[in-house]
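The values are calculated or read from the model by the stated rules, or taken from the named source; none is laboratory data. Computed from a predicted model, the values in this text were never measured in an experiment. Note that we place each Cβ from the backbone using ideal geometry, even for glycine, and neighbour counts take in every protein chain shown.
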Ligand SMILES: Cc1cc2nc3c(=O)[nH]c(=O)nc-3n(C[C@H](O)[C@H](O)[C@H](O)COP(=O)(O)OP(=O)(O)OC[C@H]3O[C@@H](n4cnc5c(N)ncnc54)[C@H](O)[C@@H]3O)c2cc1C
Ligand code: SF4
Ligand code: SF4
Ligand code: FES
């Protein structure tokens, strides 16, 4: 077991005028997750601390936060990689994520942008069996279907941090999933919808989203592919 | 506040969402969920969804039904298994039509892979029946159904926690709900309530389940006097990452992975000569524990190795990428070159709220409780009997979620939204007040940790009379300690401290039903293995356990198993 030091962002709207940081020390095994430390702090030292979590292995997307300045999932980061340093935990940053309490942010605006790109398949007819799709066609969405809607990318994106109107990387990943799904027949409409300055063109290739994505989705590359498709469709 | 909806669905996993889609076109339905829908645990499902499509090799629904019954060690109700196996095919095509990005065969059909206990020709050889989307099948189905719910404008109340069922004269009239953001207690007046609250792996120390899996719906039904069925049957998945319990899907073995002991030997060859590593989970978990007990764990320790190294880098990347990333992130293991240390992890609850094949909750006389329905892991239909087959849960969710939805639509004609009792919710208010005003006592985590240890020690893969008696005695003490559970945070907004303490009541209550049911069943069947009664005993125990809360304490009774096509036979693989 090793001693881990944490500095955690605290804000309780019922009590605090200003946010502040609080220090905690907790014993942890090197192979444990930072989320295990947070849980130990909450369960054994300070029950007033609030954050979201559920699956604890990077599949539900609940525990995105800023860890030493980078957006990440607390359940994917291991104690051994932070040994000897102080771990600073802050809520997801940006105007799109108002703090509700401590590390919990309001995700409503984030999910609204996801809804905006109509993240459902629009296909015509229902064949008796499955629609056919070749493995090559299916491969196009192989990476983007890993998205767990954790919002790390949006928290990290400099454009999203400046401009709340930018649709943001997560929604673009969701749009990609339908645009490049050979079964969807709203491709043109979907691209038209993203063809505006705060749509796909809002992205200026900072690659921050790609760097932080906990599911290793090539977010920027996907956005660039959308841009290319938009251009192609305009030419033809 | 008071909300009114024709139907309230509690839970936004696949079971809840699938039911909602069925009801939305005809009635006013709302979904409440303690986590945002896409955070539900259905999203963690990796390996696949079972249906005899026959896309890769010949398959038939009869074989699927047979495997389900045999996998369940003949405790499965065969009428339900028949519904499952026949409707599975339609259900998977439906998911594809809704947009689920299944992996594909060269011909462009839904790809299928081998899985534990899936066989052709009634047990002859392994068969590819698991329809999959890489190793994130649950995730993409959940995304798809949630998107569909969005499209249809279904009302979802996220971070709303069910706190109590509201009954009047034996009929369900609504629910009392706690809103996390504000701490308010709301009453929902309804004509029908569907429970789809998932499992309760958090009763154990090591589990593949998420933190939200605290069995809320199951316990609250029990507290309201509804019996629980087959609570002794708990599935331990053979391959959890050692120490963490994070799941390594059976798909890893379906794609060719093998288990090895300290001698490097593929030990499953001895326990299940025909299908080896693809034997059902209860058998593989027992085999692993036996190897460990006999000193053949790796370095003599309490784990064995799951070897995927011969599968090849490319196939691992294509078909098992999430699993490979779990091994890399949590263990620093490269699955292409090193084995994964694994041990059994609590995974699935076969038991739960008894229902018929249409999702109607059944009371102790096997009569439907008016206005109450259940589907998904919280329900016991019983398809899974004494041991669930891999990939049979996802299909259960969409098949029986839909059927429950259809039944509710039919029943709405005679269910009315009236006679909502005036006292509704007062118990919940009192419960919360008590917790908020108590200033001295013990933290929930200490009691929960002790409970998880007790259950892990005495009510896991192997069980004995002595151990179960000890567990029962210790649970009594823990329940006593719970009377003075004390929280730190007393305010109204985002009080997860309070909810943790409340969920502990549920976990303790469910643990007791599990131990009592396990103590009573003096035989070994499926996942319930009694070392003091190592044989299956059909003459005495081919029956479902029911446990019900009464004024005299918990009472156990039994009900018959429905057997149609397949007479019980010895279960070998
Ligand atoms: C890691 C893992 C992998 C798996 N892989 C597979 C697989 O490959 N194939 C397969 O068939 N099965 C698999 N399973 C099993 C399967 O995923 C689960 O049994 C299934 O998803 C349960 O679905 P559900 O709809 O019943 O509940 P869940 O998806 O667990 O959802 C429960 C819902 O209830 C809500 N809820 C709970 N309590 C309350 C409350 N008090 N108030 C309000 N809402 C509440 C939650 O918010 C959530 O929305 C796997 C399970 C795990 C853990
Ligand atoms: S690549 Fe685009 S979306 Fe990603 S961080 Fe940069 S600007 Fe934002
Ligand atoms: S793209 Fe990656 S970072 Fe962004 S929401 Fe999806 S999983 Fe999270
Ligand atoms: S807790 Fe689910 S992603 Fe971290």
| query | What number goes with the only condition from (1) at the interface with chain B (Cβ under 10 Å from one of its Cβ atoms); (2) within 16 Å of ligand 2 (Cβ to nearest atom) that residue A:123 does not pass? | reply | (2)
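List the helices (runs of 4 or more DSSP H) inside segment B:269-384, counting only whole elements, that have at least 1 residues being under 30 Å from residue B:86 (Cα atoms) and modelled with pLDDT of 95 or more. Lay out the reasoning, then the answer.
Working: elements: B:281-293, B:313-319, B:321-331.
Passing ranges, in order: B:281-293.
With the structure loaded, tell me whether residue A:123 is within 13 Å of ligand 3 (Cβ to nearest atom) and either modelled with pLDDT of 95 or more or within 24 Å of residue B:104 (Cα to Cα) (or both) or whether it fails that test.
no
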| Which condition number in (1) within 16 Å of ligand 4 (Cβ to nearest atom); (2) under 30 Å from residue B:110 (Cβ atoms); (3) crowded, with 17+ Cβ neighbours inside 10 Å is the one that residue A:179 fails? | (1)
| query | Is it true that some residue in segment B:401-411 is crowded, with 24+ Cβ neighbours inside 10 Å, closer than 17 Å to residue B:223 by Cα and touching a helix residue (DSSP H, G or I) at 6+ places or on another chain (Cβ under 6 Å)? | reply | no
| said: I'd like to know if segment B:310-319 contains one or more residues that are in contact (Cβ under 8 Å) with a residue 12 or more places away in the chain, in contact with a helix residue (DSSP H, G or I) (Cβ under 8 Å, 6 or more places away or on another chain), within 13 Å of another protein chain (Cβ to nearest Cβ) and more than 16 Å from ligand 2 (Cβ to nearest atom). | reply: yes
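Working carefully through the options B:156, B:172, B:166, find the one that is assigned to a strand (DSSP E or B) and within 14 Å of chain A (Cβ to nearest Cβ). If you could, list the steps in order and put the result at the bottom.
Values: B:172 fails: within 14 Å of chain A (Cβ to nearest Cβ); B:166 fails: within 14 Å of chain A (Cβ to nearest Cβ).
It is B:156.
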| query | residue A:3 is checked against (1) away from every other protein chain (no Cβ under 14 Å); (2) part of a loop (DSSP other than H, G, I, E, B) and fails just one. What number does that condition carry? | reply | (2)
| said: I'm told residue A:117 meets every condition in (1) more than 7 Å from chain B (Cβ to nearest Cβ); (2) within 13 Å of the chain's Cα centre (by Cα); (3) surrounded by 18 or more Cβ atoms within 10 Å (Cβ to Cβ) except one. Can you identify the failing condition by its number? | reply: (2)
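Kindly establish whether residue B:228 is assigned by TED's automatic domain parsing to the domain that holds residue B:558, at pLDDT 95 or above, surrounded by fewer than 24 Cβ atoms within 10 Å (Cβ to Cβ) and away from ligand 1 (no atom under 12 Å from the Cβ). Let's see the steps before the verdict.
Details: assigned by TED's automatic domain parsing to the domain that holds residue B:558: yes; at pLDDT 95 or above: yes; surrounded by fewer than 24 Cβ atoms within 10 Å (Cβ to Cβ): no; away from ligand 1 (no atom under 12 Å from the Cβ): yes.
Considered against the rule, which asks whether it is assigned by TED's automatic domain parsing to the domain that holds residue B:558, at pLDDT 95 or above, surrounded by fewer than 24 Cβ atoms within 10 Å (Cβ to Cβ) and away from ligand 1 (no atom under 12 Å from the Cβ), residue B:228 comes out as no.
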| message | Consider segment B:132-153. How many of its residues are surrounded by fewer than 24 Cβ atoms within 10 Å (Cβ to Cβ), more than 9 Å from every other protein chain (Cβ to nearest Cβ) and at negative phi? | response | 2
| message | Can you say whether residue B:417 is in contact (Cβ under 8 Å) with a residue 24 or more places away in the chain, away from every other protein chain (no Cβ under 14 Å) and assigned to a loop (DSSP other than H, G, I, E, B), as far as the supplied structure shows? | response | yes
| request: Mind listing whichever residues of segment A:191-229 are surrounded by fewer than 21 Cβ atoms within 10 Å (Cβ to Cβ) and more than 16 Å from ligand 3 (Cβ to nearest atom)? | output: A:192, A:193, A:195, A:196, A:197, A:198, A:201, A:204, A:227, A:228, A:229
| query | Of the residues that make up segment A:217-233, is at least one assigned by TED's automatic domain parsing to the domain that holds residue A:187, within 19 Å of the chain's Cα centre (by Cα), in contact (Cβ under 8 Å) with a residue 24 or more places away in the chain and assigned to a loop (DSSP other than H, G, I, E, B)? | reply | yes
| field | Options A:46, A:81, A:63, A:36; residue that is within 14 Å of chain B (Cβ to nearest Cβ), at pLDDT 95 or above and loosely packed, with under 14 Cβ neighbours inside 10 Å | value | A:81
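Residue check: is residue B:441 in the same structural domain as residue B:522 (by TED's automatic domain parsing), free of Cβ contacts under 8 Å to residues at least 60 places away in the same chain and on the phi > 0 side of the Ramachandran plot? Reasoning before the result, please.
Numbers: in the same structural domain as residue B:522 (by TED's automatic domain parsing): yes; free of Cβ contacts under 8 Å to residues at least 60 places away in the same chain: yes; on the phi > 0 side of the Ramachandran plot: yes.
It is true that residue B:441 is in the same structural domain as residue B:522 (by TED's automatic domain parsing), free of Cβ contacts under 8 Å to residues at least 60 places away in the same chain and on the phi > 0 side of the Ramachandran plot.
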| note | Of the conditions (1) in contact with a strand residue (DSSP E or B) (Cβ under 9 Å, 6 or more places away or on another chain); (2) more than 11 Å from ligand 1 (Cβ to nearest atom), the single one that residue B:16 does not satisfy is (2)
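Have a look at B:360, B:388, B:410 and point out the one that is free of Cβ contacts under 8 Å to residues at least 40 places away in the same chain and either closer than 26 Å to residue B:94 by Cα or within 16 Å of ligand 3 (Cβ to nearest atom) (or both). Break it down stepwise before answering.
On the way: B:360 fails: free of Cβ contacts under 8 Å to residues at least 40 places away in the same chain; B:388 fails: free of Cβ contacts under 8 Å to residues at least 40 places away in the same chain.
None of the other options fit; the residue is B:410.
Answer yes if at least one residue in segment B:266-273 is within 16 Å of ligand 4 (Cβ to nearest atom), outside the structural domain of residue B:515 (by TED's automatic domain parsing) and without any contact (Cβ under 8 Å) to a residue 40 or more places away in the chain, and no otherwise. Working first, answer last.
Here is the first cut: in segment B:266-273, the ones within 16 Å of ligand 4 (Cβ to nearest atom) are none.
The answer is no, given that none of the residues of segment B:266-273 is within 16 Å of ligand 4 (Cβ to nearest atom), outside the structural domain of residue B:515 (by TED's automatic domain parsing) and without any contact (Cβ under 8 Å) to a residue 40 or more places away in the chain.
Somewhere in segment A:98-116, is a residue in a loop (DSSP other than H, G, I, E, B), touching a residue at least 24 places away in the same chain (Cβ under 8 Å) and within 13 Å of ligand 3 (Cβ to nearest atom)? Break it down stepwise before answering.
Within segment A:98-116, the first condition is being in a loop (DSSP other than H, G, I, E, B), and the residues that meet it are A:98, A:102-103, A:106-107.
Now narrow it down to the ones that are touching a residue at least 24 places away in the same chain (Cβ under 8 Å): A:102-103, A:107.
Then drop every residue that is not within 13 Å of ligand 3 (Cβ to nearest atom), which leaves A:107.
Checked against the condition, which is being in a loop (DSSP other than H, G, I, E, B), touching a residue at least 24 places away in the same chain (Cβ under 8 Å) and within 13 Å of ligand 3 (Cβ to nearest atom), segment A:98-116 yields at least one hit.
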| field | Index of the failed condition, residue A:187 passing every other in (1) at positive phi; (2) more than 9 Å from ligand 2 (Cβ to nearest atom) | value | (1)
| query | Got a number for residues in segment A:44-84 being part of a loop (DSSP other than H, G, I, E, B) and within 14 Å of ligand 4 (Cβ to nearest atom)? | reply | 14
| query | Any chance segment B:78-90 includes a residue that's touching a strand residue (DSSP E or B) at 6+ places or on another chain (Cβ under 7 Å), buried (at least 24 other Cβ atoms within 10 Å of the Cβ), in the same structural domain as residue B:16 (by TED's automatic domain parsing) and not in a helix (DSSP H, G or I)? | reply | no
| Going by the conditions given, is residue B:50 within 14 Å of chain A (Cβ to nearest Cβ) and buried (at least 24 other Cβ atoms within 10 Å of the Cβ)? | no
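Could you identify the single residue in A:87, A:154, A:159 that is away from chain B (no Cβ under 12 Å) and in contact with a strand residue (DSSP E or B) (Cβ under 6 Å, 6 or more places away or on another chain)? Explain how you work it out, then say what you get.
Values: A:154 fails: in contact with a strand residue (DSSP E or B) (Cβ under 6 Å, 6 or more places away or on another chain); A:159 fails: in contact with a strand residue (DSSP E or B) (Cβ under 6 Å, 6 or more places away or on another chain).
Checking each option against the conditions leaves just A:87.
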| query | Out of all the residues in segment A:129-151, is one or more under 22 Å from the mean Cα position of the chain (by Cα), away from chain B (no Cβ under 14 Å) and assigned to a helix (DSSP H, G or I)? | reply | no
| message | Return the residues of segment B:200-252 that are closer than 27 Å to residue B:131 by Cβ and within 16 Å of ligand 4 (Cβ to nearest atom); say none if nothing qualifies. | response | B:201, B:207, B:208, B:209, B:210, B:212, B:213, B:241, B:245, B:246, B:247
